[in-house]
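Chemist: Take a look at the following structure, please.
The values are calculated or read from the model by the stated rules, or taken from the named source; none is laboratory data. Small disclaimer: the values here were computed from a predicted structure and weren't measured. In this analysis, Cβ positions are derived from the backbone assuming ideal geometry, glycine residues included, and neighbour counts consider all displayed protein chains.
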Amino acid sequence: MEDHKELRQYIKEQFFDSYSILEADNGRTGIEFALKHIPDVIITDVMMPEIDGIQLCNTLKNNVTVNHIPIVMLTARGDMDDKLSGLATGADDYITKPFNAKEIVIRVANLVSQRKQLQEHFRATLSNFSSAPIKAESMDAAFIKKVKECIEAHLEDERFSVTELGQELGLSRSQLYRKLDALTGYAPNEIIRNMRLERAKKLLEQRAGTVSEIAYLCGFNTPAYFIKCFREHFGATLAKSSLIFNHLALMHQFSY
């Protein structure tokens, strides 16, 4: 987001080959675009018409739908007050104008890489069924913790779906999809299914019941569909050991 047309074009040229780009010439339009499209990164000037970069950052960082998006602020040299104000509202990085093209490309690439590392962390968090509490060190971690708790509370309910999860979190289906896809790389329905499968895996390892019983306990409406999902999810990682697959096959055979 930048009101200077030539500078917007210059920035756009640096990322044209690697990113789909949305342009806004004022902060109000930038906020609307961010809420509608949920981009991977936002680059904004501090000085913009209607709503400036500081206000934009404050608005987006206080909205659960988009507060995970890294924001890079462009400032004029020596504007320390702007930097401090931006940091207070959650800006992720600063670049002082005039800047080198390679610098902005590298900084954006680093932010995207950090988000991918967080995705892996949050994926692991959603698959972890240990009793140890999750430390909410950030708004993103707190959101993932809430997602996990909501799903865990309804694992046995086969009717619990993305719609119900969104309602509990106060987000629409599309907002929930974009938020979780950005944080984890998974769609909401994948997260629900994968958490059910992780729970089922632990129950199977503990011989906690028949396949049918465990399938229903984990929200699957038929053992056959449960086995199909289980093999698709764990087939590669459990290829070295047939223990659980044998257990599935035998118990499914005699569970009726």
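Chemist: I'm checking my understanding of the structure. Among residues of the range 138-184 that are closer than 26 Å to Leu217 by Cβ and free of Cβ contacts under 8 Å to residues at least 12 places away in the same chain, which one is surrounded by the fewest Cβ atoms within 10 Å (Cβ to Cβ)?
Modeler: Arg159
Chemist: So if I check each of Thr210, Thr184, which one is over 25 Å from Ser113 (Cα atoms) and out of contact with any strand residue (DSSP E or B) (no Cβ under 9 Å at 6 or more places or on another chain)?
Modeler: Answer to the selection: Thr210.
Chemist: Right, something else. Under 6 Å between Cβ atoms, at least 6 apart or on separate chains: pull out the pairs that start in the range 40-65 with a residue that is part of a loop (DSSP other than H, G, I, E, B) and end on any residue that is among the hydroxyl-bearing types (Ser, Thr, Tyr).
Modeler: Val46/Thr75
Chemist: Related question: Only residues that are within 22 Å of the chain's Cα centre (by Cα) and buried (at least 18 other Cβ atoms within 10 Å of the Cβ): list them for the range 11-43, please.
Modeler: Matches in the range 11-43: Gly30, Ile31, Ala34, Ile38, Pro39, Val41, Ile42, Ile43.
Chemist: Applying the selection to the range 200-225, what residues are over 28 Å from the mean Cα position of the chain (by Cα), part of a helix (DSSP H, G or I) and of a type in the set (A, V, I, L, M)?
Modeler: Leu204, Val211, Ile214, Ala224
Chemist: Take the residues in the range 77-111 that are at pLDDT 80 or above, surrounded by 15 or more Cβ atoms within 10 Å (Cβ to Cβ) and among the β-branched types (Val, Ile, Thr); name whichever of them is nearest to the chain's Cα centre (by Cα).
Modeler: Result: Val108.
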